[in-house]
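The values are calculated or read from the model by the stated rules, or taken from the named source; none is laboratory data. Owing to the predicted nature of the structure, the values given are computational and were not obtained by experimental measurement. Don't worry about glycine lacking a Cβ; one is built from the backbone with ideal geometry, like all the others, and counts go over all protein chains shown. Just so you know, the surface numbers come from the protein's heavy atoms only, side chains and all, with ligands and any DNA or RNA stripped out. Shrake-Rupley method; radii C 1.70, N 1.55, O 1.52, S 1.80 Å.
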Amino acid sequence: MIRVEGLVHVYRAPGFPPREALRGVDLVIGDGERVAIMGPTGSGKSTLVQHFNGLLRPTRGRVEVDGVELWAPGRDRDERLAEARRRVGLVFQFPEQQLFAETVWEDIAFAPRNFGLGEAEVADRVERAMALAGLPPELAHRSPFSLSGGQMRRVAIAGVLAMQPRTLVLDEPTAGLDPQGRAALVDLLGRLHREEGMTVVLVSHDVDEVAAVAQRVILMRDGQVVADGPAGAILADTGLLASCRLRPPATARLLLELARRGLPVDPRRIGIDEAEAELVAVADRLGPVAAHGQRPPEAAPAGGEGGP
Amino acid sequence: MTGEPLIVLRQASVVYHPGQPDAVEALRGIDLEVRRGEFLAVVGANGSGKSTLARLLNGLLVPTRGEVRVAGRSTADPQARWEIRRLVGMVFQNPDNQLVAPTVEEDVAFGPENLGLPRQEIARRVRTALETVGLWERRADPPHRLSGGQKQRVALAGILAMQPQCLVLDEATAMLDPAGRAEVLETVARLHRERAMTVVLITHFLEEAVRAERVVVLERGRIVASGRPRELFDRPDWLERLGLVAPPMGRLAERLRRRGWNLPPGIVTVEDFLAALGLPGPTGHVPRDRAVTP
């Protein structure tokens, strides 16, 4: 669990006026949650997540990981910070720019080795992390720089997973990837939550991606939290999103338009399965194009999203 | 609206590291014409050859085989090179790599200064270009103070100050937030609409490519389809095989069709979906290539 109280962060650089990036943030992220942090550029999202594992030091306020306050004075502070960084893995924006080793294997092994683990344990963790990140074993001895952008990004994520964190925090994990790279990453985040029980926190601008991944949305503007609640409720609130330079995902915009015309649909049902169900429920009021009656879908995909 | 070809590619192929073991054929025999005043989108997965194609269009890259002509002149002709780069301006993906000067105004003036134009003419062009992208009032700011979308608009102004005939945007919105993306696309769409600017938009966001009059789909260095955006983007299975993903409304429409809904083809945006249900969109807007009878 991550708890943040009264968090203020001021950036100071010689020759520039101080800039208050976070202006009193309070929030709790519980174990097993899937949370998206959204907001315009400069709203403080990236600064906030760097506090989740003690990479930044608060100007004021406190940060706790699993009940331990990271920055409280005391001789054991370095140990507390090290433990927080093990528990909360942070994947930066464009993390593939930080790959450096000659092989994929060496890159992923770097952090566990640094952590002082034996070679057998390191090997075990690298293999596991590669499998989790969806990297085929035959890539282990390739240069990371010979891979596609999407694969390089998964190597960087595997490097964080090899520390076996319980919480994974990702800053704009799909930025710059092509649609298939994005879809694969969304799928990976779902799997980490479902199969590994990990807490997933992502910073994102992409409302369609957030609609697919997150249960909860924290909306930020000017260094403060302006809304925090269920993803469906926040992503269907056009006015609130507009104040943060965002707009609802396509599913919510369609449902909002139908609701505006008096159809009894719930715009908070933003998942594609949910939106489909909402439309089917009002089919008899949608005119001749909609199928009426209870005709079952032909060749419906088994379980959710995607192609046939 | 669209006239004779401005850019012509004939059997253009590009091989990186030719003759070596790691030789890669990035483009294979591309035949393509970009007509004057046209808004063309080029889509494809990463590695399909989109960026290589972009670099052929203004001679940053010369084809290994075949030929590229801009306004009738071959990009392989060293004497035509500067004129071709002036006619065809490019905006790249990363806004931070394109701006060089300490202020917005100086950055936009950089190109016209290199043309050796008189001072007054430079000042006039800089002002017109910055007014066009809506950043004249930010002219004295250092570029690093701007948002990503504003930086891309400054890059765009720098190109406009060269008075080009064609804009090529090579994933120019990929690193921007949604508001920044909309800013850049609106500006480009307006230049096309109001000044008949030829636009080549290279993107993997199909929602962006929908604005184009024609789309070319690349797969492993070849053109595998060409047509109106809504004709092509309504085929989720086919798009997925190409490494692309249909937009949410296309996927939702496909699911409902499987349930027996009689939805017309070509649903990509929320407005398309509402129109298909017989409901006018939020602004009564009917998508343009739908309003035209074939």
| query | Which condition number in (1) more than 7 Å from chain A (Cβ to nearest Cβ); (2) in a helix (DSSP H, G or I); (3) over 28 Å from B:Ile202 (Cα atoms) is the one that B:Pro280 fails? | reply | (2)
| query | When residues of region B:61-84 are filtered for being in contact (Cβ under 8 Å) with a residue 12 or more places away in the chain and either surrounded by 16 or more Cβ atoms within 10 Å (Cβ to Cβ) or of a type in the set (Ser, Thr, Tyr) (or both), how many remain? | reply | 13
| Can you name every residue in region B:31-48 that is assigned to a loop (DSSP other than H, G, I, E, B) and open to solvent by less than 10 Å² (accessible area, probe 1.4 Å)? | B:Gly37, B:Glu38, B:Gly44, B:Ser48
| request: With the condition kept exactly as written, say whether any residue in region B:85-105 is open to solvent by 40 Å² or more (accessible area, probe 1.4 Å), more than 21 Å from B:Leu169 (Cβ to Cβ) and touching a helix residue (DSSP H, G or I) at 6+ places or on another chain (Cβ under 7 Å). | output: yes
| task | Could you list all residues from region B:179-234 that are within 19 Å of B:Asn58 (Cβ to Cβ) and hydroxyl-bearing (Ser, Thr, Tyr)? | result | B:Thr198, B:Thr203
| query | Take the residues of region A:164-186 that are outside any loop (DSSP other than H, G, I, E, B), of a type outside the set (A, V, I, L, M, F, W, C) and more than 15 Å from B:Gly243 (Cβ to Cβ): which is farthest from the other protein chains (Cβ to nearest Cβ)? | reply | A:Thr167
| note | Going through (1) within 13 Å of the chain's Cα centre (by Cα); (2) free of Cβ contacts under 8 Å to residues at least 60 places away in the same chain; (3) away from every other protein chain (no Cβ under 14 Å); (4) open to solvent by 50 Å² or more (accessible area, probe 1.4 Å) one by one, A:Glu195 fails only at (1)
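Check B:Arg139, B:Arg181 and return the single one that is within 14 Å of chain A (Cβ to nearest Cβ) and open to solvent by 20 Å² or more (accessible area, probe 1.4 Å).
After applying the criteria, what remains is B:Arg181.
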| What is the one condition in (1) within 26 Å of A:Leu246 (Cβ to Cβ); (2) crowded, with 20+ Cβ neighbours inside 10 Å that A:Gln50 does not satisfy? | (2)
| remark: Here, strands (runs of 3 or more DSSP E) confined to region A:1-58 with at least 3 residues that are closer than 21 Å to A:Leu70 by Cβ and in contact with a Leu (Cβ under 6 Å, 6 or more places away or on another chain) are A:2-11
| field | Residue pairs meeting the criteria (Cβ under 7 Å; at least 6 apart or on separate chains; first charged (D, E, K, R), in region B:37-48; second not in a loop (DSSP other than H, G, I, E, B)) | value | B:Glu38/B:Thr198; B:Glu38/B:Arg214
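Would you check which residues across region B:76-106 are in contact with an Asp or Glu (Cβ under 8 Å, 6 or more places away or on another chain) and either farther than 15 Å from B:Val200 by Cβ or not aromatic (Phe, Trp, Tyr) (or both) and list them?
Scanning region B:76-106 gives B:Ala76, B:Met90, B:Val91, B:Gln93, B:Leu99, B:Val100, B:Ala101, B:Thr103, B:Val104.
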| Could you say whether any residue in region A:246-267 is open to solvent by less than 40 Å² (accessible area, probe 1.4 Å) and closer than 27 Å to A:Glu5 by Cα? | yes
| query | If A:Ala101 satisfies every condition in (1) out of contact with any helix residue (DSSP H, G or I) (no Cβ under 9 Å at 6 or more places or on another chain); (2) at pLDDT below 95; (3) over 26 Å from B:Ala179 (Cβ atoms); (4) not charged (D, E, K, R) but one, which is the exception? | reply | (1)
| query | Quick one: B:Met249 ticks every box in (1) facing chain A (nearest Cβ under 9 Å); (2) outside any helix (DSSP H, G or I); (3) buried (at least 24 other Cβ atoms within 10 Å of the Cβ) bar one, so which box is it? | reply | (2)
| field | Criterion (within 30 Å of A:Ala211 (Cα to Cα), at pLDDT 95 or above and out of contact with any Ser or Thr (no Cβ under 8 Å at 6 or more places or on another chain)) met by exactly one of A:Val88, A:Val63, A:Val126 | value | A:Val63
| field | Subset tally (residues that are open to solvent by 20 Å² or more (accessible area, probe 1.4 Å) and either in contact with a Lys or Arg (Cβ under 6 Å, 6 or more places away or on another chain) or among the acidic types (Asp, Glu) (or both)) for region A:17-36 | value | 6
| Of residues in region B:223-244 being outside any helix (DSSP H, G or I) and free of Cβ contacts under 8 Å to residues at least 24 places away in the same chain, the one farthest from B:Leu201 (Cα to Cα) | B:Arg235
| note | If we keep only residues of region B:158-178 that are within 18 Å of B:Gly134 (Cα to Cα) and touching a strand residue (DSSP E or B) at 6+ places or on another chain (Cβ under 9 Å), then the residue farthest from the other protein chains (Cβ to nearest Cβ) is B:Met162
